[in-house]
Structure formats: C-alpha cells, structure tokens
Amino acid sequence: MGPARCAAAGKNVVEVLGGAAGADGGGRASGGEPGWSRRAAPRSGKHIVEVPGNGRRWSPLTGPLTGRPESGAGPRWNGVPHRDAKTADAAMLTVNEIFYSIQGESDYTGRPCVFVRLTACDLRCVWCDTPYAFHEGRRRGVEDVVAEVQGYGCPLVEITGGEPLLQPDVYPLMDRLLAAGATVLLETGGHVNLERVPAEVVKVMDVKCPGSGESHRNAWDNLARLAGHDQVKFVIADRADYEYARGVVQRHALAARPAVLFSPVHGVLPPERLADWVLADRLPVRLQVQLHKYLWGAETRGV
Ligand code: SF4
C-alpha cells in the first residue's frame, strides 16, 4: 500500500469505531498448548490449565470472568486503578480478527499465541502489512472477545491492530485477560500515550523509522513509560533507517533494555544485510524476522 494522509485516516477511524460492521476475519483451527497439564476442576468439572512459571492459573473453558484478580489490588497502571469491572461488562470493541498462531515477532517469537486484532489505525506506514485492519471489523462485547480467546486454551495473548490503543475499551479487555491469568502482549505503534496500559501488560512498542513515512509521529515520552519487560521494535527498510535506529538506541540508552528488536521490512531489506550491519557495529540488539511469513507466506492472513 502507499502512504496516505493521516487527516483522512483520522476521519475513517471515527467512522469505524462508531460501529461500522464488516467482514470478520477468520483464523486457523484452535488447539491446546502442548506441555500444559489440563485437569478437571474439583467442583465445576471444567478444565484448568496450569501455567508453568508465572504462578497464575488460566481457565480457558470457564466462560467470562467477573471482578479483579484475587490479590485484591487489581490491575494497575502507574499506580492508578483502572475502571470498575462492572463497566468492563458493557465494553465494546471493533474487532478485525481473532486467531491462534505462532508468535512471529517480539521476544516471544515461536510461542503459540492467540491474537486479537483490533480495527483502525491513524498511521499509514508505507510498508504496512495489515491495511485490512484499517476499516474491516465487527462490533463485539469484551466478554464475547474474552470468551473466544479462552476457548483456544492458550495463555499467551497478543492485542494488536491497526493501532489497538485507539479504542478506549481496549483497557477493560486488557484488565479482563490479566484477571484470567493470561500473559498479555500489546503491539503498539508508539505514538499513543502508554500511561493507561496496565503495568503487567508486555508492551511491544514501535519506534517508527523514516522509511515508514511516520517517524514524525514518534512519541518520545513513551520511552520513559516502558517497564523492564517491555520491548522496543524498529522496522527497518534500508541503511538510512538502520542508522536512524542505531542513533535512537544510542541516544536513549536502549541497549540496556532486555529486548530491542531490529526487524527488516519483509521482501524489501534482506535480513542478512541487516545482520551484517548489526554485527559490524557490535550493536547489542536482537535481529528478528517475521517468523509467521516464513512459515505461511507473506500474504496469508490469520496467522
Ligand atoms: S502502525 Fe501498524 S497498522 Fe498502523 S499503518 Fe503502521 S504498520 Fe500499519
């Protein structure tokens, strides 16, 4: 797709989020995550999946959850409790697609994951590979979305887009998934203020390089809002983008972060060329390719 003007994009965002209906994307078949132990819950007779390592329990088949986690504190962002769970019951989202696949990007690459793709974006990156998420979508209740996600029996969930933070009810969705024991990833373009995102959510934030056509939208304040587990991603189209990204890493001391991701634009910049640049500069970043495109092809949706 070619670049488009953001002003026009903004108009479309309002129309879409106001309730436009359209095709709902499909997805691949669901299934449990190998290596998890399923057992019958003593009283409900329903199944619980033990989540290794994180001390939380994910209940994929128990239907919508109510209330906050049992800790009593509830999900928080910057120390401020989010909206009441009763409000979340009425929350609505415009959803492009929900599907179960392999994580193709981020520090979680290779892990089975459920993806919730929300509709609308106010950027128009030149190399965007999900333009169908700009407008296509169906209005759905957060309860309905959580129930579908739980049905996959997978405790790793990514909320993506489009730009997922454009829809205010994405926050109740994050709260509900966290309350259900999921590990929640959020893919964001980095231009929307992150301060309301719950601290437990793993943010994978883009810094847009010049080749995207949207680098003027970078919200630099967001770098200070990242927690230790959050990740910064640069999608790199050419040498100029690489040098820009390298400069940002150095100026903002990003090398100290556990995950700084350098990803070549698929089909534009050969990954081996980016690898050579990283090695030559001894840059402590992580080269990543979009694994799902190598597994299923660049044009395949719902993977
Ligand atoms: S921010 Fe993401 S969804 Fe929006 S135009 Fe850029 S790549 Fe596409």
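For this structure, a couple of remarks:
- What the pair-distance distribution of the stretch 155-303 shows, using all Cα-Cα distances binned every 5 Å from zero, is 2, 9, 18, 21, 19, 17, 10, 4, 1 percent.
- q = 0.13 Å⁻¹, the stretch 97-201: log10 I(q)/I(0) [Debye, one scatterer per Cα]: -0.43
- Inter-part distance, the stretch 196-243 to the stretch 112-179, computed on C-alpha centroids, equals 19 Å.
- Label-zone membership for the stretch 142-165, site A227, 7 angstrom Cα→C-beta point, backbone N under 16 Å: 156-159
- Per-peptide packing, taken as the mean over residues of other Cβ atoms within 10 Å, places 225-235, 242-252, 279-289 in the sequence 225-235, 242-252, 279-289 from highest down.
- D175, D221, D238 arranged by Cβ crowding within 10 Å, fewest neighbours leading: D221, D238, D175
- Peptides ranked, highest mean first, by Cβ atoms within 10 Å: ranges 262-268, 178-184: 178-184, 262-268
- Qualifying GluC sites (Glu not before Pro) in the stretch 118-199, where qualification requires a DSSP coil assignment and no more than 13 other C-beta atoms within 10 Å, comprise E195.
- Segments 126-135, 291-300 sorted - mean Cβ within 10 Å per residue, highest first: 126-135, 291-300
- Residues of the stretch 103-125 with amide N under 11 Å of a point placed 7 Å along Cα→Cβ from E148: 115-119
- Stokes-Einstein D in µm²/s, Kirkwood radius over Cα pairs - the stretch 201-279 at 4 °C with 1.567 mPa s viscosity: 101
All of the numbers you see were taken from the coordinates with simple rules; none came from a lab. Small disclaimer: the values here were computed from a predicted structure and weren't measured. Heads up, the Cβs are rebuilt from the backbone with ideal geometry, glycines too, and the neighbour counts pull from every protein chain shown.
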